[in-house]
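Readers should treat all values here as calculations from the given coordinates under stated rules, not as data from a laboratory. All values derive from a computational prediction rather than experimental measurement. Neighbour counts are summed over all protein chains in view; Cβ atoms, including those assigned to glycine, are modelled from backbone coordinates with ideal geometry.
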Amino acid sequence: MSDTDLRDIEALDARKSDGIAVVTGASRGIGAAIASRLGADGYTVAVHYRQDSAAAADVVEKITAAGGAAFSFAADLAEPDTGTAFWASYDAAAGALRDVPVRVLVNNAGIVVDGVIEETSTEDFNRLLQVNATAPYLIIKEALPRLADGGRVVNVSSGATRVPMAGIAGYTMSKGALEALTGPLAQHLGPRGITVNAIRPGTTDTDMNAGWLRGNSEAVANIVGLRALRRMGGPADVGDVVALLASHDARWITGQIIDATGGERL
Ligand code: NAD
């Protein structure tokens with residue numbers, strides 16, 4: 001590749017507001033925070049959701065009320081044809097925007113199944129792998145012709161891959177698979193100036209943890225005590241790190257797995 005080609009890619013990279021940022025699982029929690037932040041940064045945000053159309057519409061409304069642009073679309077990532085179904089639903093919702101390159105793809109949607117290995121059913125395990133690892137793989141695969149040169153892929157993993165937790169082994173394995181995609185894909189898409197990174201959030205107060213964390217001051221204190229930055233943090237702390245990786249300033253970071261736990265168990 002010539003220097004001219006490289007300069008062209010860098011110029012494309014700087015024109016971030018030209019493109020669309022697709023965020024999976026963006027109707028709530030960390031995904032909603034990522035969508036809001038990318039909307040504020042000037043991207044047209046495609047807010048993916050599974051079934052809660054009202055919550056997705058609320059995220060779209062907040063982004064547009066703040067002066068940004070957004071639309072929503074639905075797809076169940078537990079379905080085996082997720083790659084094609086996801087983008088078909090996207091195209092239907094994007095309308096005239098369907099031919100605009102996707103500058104940022106954030107694979108955020110995920111599920112957790114609690115229980116040590118002997119308590120986890122085969123069905124639960126397969127669902128974990130499908131939603132957390134297979135779906136992002138297929139969504140990226142089908143996205144390749146749509147991704148802008150100089151674009152970004154960010155996969156949301158988990159701090160659980162660094163600090164073992166026996167009660168969520170299947171979840172950890174699925175996130176490990178997602179992380180393992182980062183290097184090879186960064187290598188493969190690097191010539192197009194596309195960066196591929198993953199982030200590892202720590203335990204965050206979202207619906208995923210509502211059952212045991214929300215309103216449980218003892219559990220919160222335990223987590224805060226494990227963190228160098230000594231606070232619980234929230235979805236926006238994670239969303240801002242994703243926005244950082246999506247930014248022009250992060251153009252030289254690729255193939256990396258970024259810990260975003262506030263320094264948990266350093
Ligand atoms: P959440 O449960 O609030 O959000 C998960 C999102 O994924 C939801 O929007 C949900 O609709 C979507 N989703 C789940 N199954 C889906 C399916 N079959 N099809 C389509 N969408 C589906 O949880 P969150 O905390 O906001 O999680 C966001 C990401 O962050 C997940 O990948 C999660 O594993 C990761 N994470 C969360 C924590 C935490 O403590 N909350 C910690 C580390 C990593």
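Quick one: net charge of Ala135's neighbours, Cβ under 12 Å, K/R +1, D/E -1? Let's see the in-between values first.
Numbers: positive: Arg50, Arg127, Lys141; negative: Asp76, Glu79, Asp81, Glu142.
That sum, taken over residues with Cβ under 12 Å, equals -1.
Placing unit charges on C-beta atoms (Lys and Arg positive, Asp and Glu negative, everything else neutral), compute the dipole magnitude of segment 148-233 about its Cα centre in debye, rounded to 20. Mind showing how you got there, number by number?
On the way: 9 positive and 5 negative charges, 44 e Å.
Charge dipole, segment 148-233, about its Cα centre: 200 debye, nearest 20.
Among all stretches of the chain without exposed chymotrypsin sites (Phe, Trp or Tyr not before Pro) (DSSP loop, at most 14 other Cβ atoms within 10 Å), which one is longest?
On the way: sites that count: Trp212, Trp252.
Longest stretch, sites excluded: 1-211.
Pick from Leu105, Leu226, Leu185: which is most flexible by mean-square fluctuation in a GNM of the chain where alpha carbon atoms under 10 Å apart are linked?
Leu226
Based on Cβ point charges of +1 for Lys and Arg and -1 for Asp and Glu, what charge dipole magnitude is obtained for the chain about its Cα centre, in debye rounded to the nearest 20?
Numbers: 23 positive and 31 negative charges, 108 e Å.
Computed about the Cα centre, the dipole is about 520 debye.
Under the Karplus relation 6.51 cos²θ - 1.76 cosθ + 1.60, θ = phi - 60°, what is the ordered set of whole-Hz ³J(HN,Hα) values for segment 126-135, x standing for Gly and Pro?
4, 5, 4, 5, 4, 6, 8, 10, 5, 4
What's the angle, to the nearest 10 degrees (0 to 90), between helix 29-40's Cα axis and the longest principal axis of the chain?
30
Sum -39500 (n - 2.57) across every DSSP H segment of at least 4 residues in the chain, then divide by the residue count to get the 222 nm mean residue ellipticity, nearest 500. Write down the numbers at each step before the final one.
On the way: 10 runs with 108 residues, N = 266.
Mean residue ellipticity at 222 nm (helix-derived): -12000 deg cm²/dmol.
Among Ser158, Ser72, which comes first, then next, by fewest other beta-carbon atoms within 10 Å? Working shown, then result.
Details: Ser158 27, Ser72 23.
By the 10 Å Cβ count, ascending, the order reads Ser72, Ser158.
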